[in-house]
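So the structure is just underneath, and the comments pick up after that.
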Amino acid sequence: MPLVLEGLVTTLDAAGSMHLAPMGPHVAPDFRHFQLRPFPSSQTYRNLQAHPEGVLHVTDDALLLAQAAIGRIPIMPRAIPAQSIRGYVLADACRALEFRASAFDASEQRVRIDCEVVHLHTLRDFFGFNRAKHAVVEAAILATRLHLLQSDEILTEFARLAVLVEKTGEEREREAMALLMDYVKSAKEARP
């Protein structure tokens, strides 16, 4: 079974602007290739069809992951030009894997995009394991499942995760958890 790595992917849209999305690709242990699995309706998929290059970022910024998951990034993070592809590297990521998409398979509910890593950046040390950061990542994933799960089910799980954030997190993790909680509550109130 492949390892799923929660990260952020940058791609270029039709105008050449950076698009940022959370992704959980299946990653080979050697980090030389991985498989993205976006939905066919996603902007990331459309971008990669038009320009099959991007950057997968490993980050410990749980707030940015949460913001990207629900499409509420108030200010795009600072980015620098990639070295081996036409694209952007998030300047505050821990690692960045520049890639080229080598194969697309749209025969299932989620598109399978095989990617080959062409350049690896090590930008800074990874913070390390922290229960609050992991709890925010889990909450962000749940927030993207509103079309599959009941809001009350998600909010019940959020209550459990919020305890971990409160006990072991800092302000950015607390802000991320509050943002996700507000997002799910707003979605619940908007449902008929």
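The values are calculated or read from the model by the stated rules, or taken from the named source; none is laboratory data. Bear in mind that the values here come from a model prediction, so they are computed numbers and not experimental data. Because the Cβ atoms are built from the backbone with ideal geometry, glycine has one as well, and the counts that use them run over all protein chains shown.
Remarks
- Within region 73-101, the residues that satisfy the criterion of being free of Cβ contacts under 8 Å to residues at least 40 places away in the same chain and assigned to a strand (DSSP E or B) are I80, P81, R95.
- For region 102-154, a residue qualifies if it is among the polar types (S, T, N, Q) and part of a loop (DSSP other than H, G, I, E, B), and the qualifying residues are S107, Q109, N130, T144, Q150.
- Among the residues of region 38-79, those identified as of a type in the set (V, I, T) and either within 23 Å of F126 (Cα to Cα) or assigned by TED's automatic domain parsing to the domain that holds A162 (or both) are V55, V58, T59, I73, I75.
- Test: residue in region 140-149 that is surrounded by 12 or more Cβ atoms within 10 Å (Cβ to Cβ), of a type outside the set (K, R) and within 17 Å of T59 (Cα to Cα): yes
- Looking only at region 102-118, and only at residues there that are without any contact (Cβ under 8 Å) to a residue 60 or more places away in the chain and either in the same structural domain as E170 (by TED's automatic domain parsing) or among the charged types (D, E, K, R) (or both), the one that is surrounded by the most Cβ atoms within 10 Å (Cβ to Cβ): D105
- Of the residues D92, D152, the single one that is assigned by TED's automatic domain parsing to the domain that holds Q67 and either more than 20 Å from P22 (Cα to Cα) or of a type in the set (D, E) (or both) is D92.
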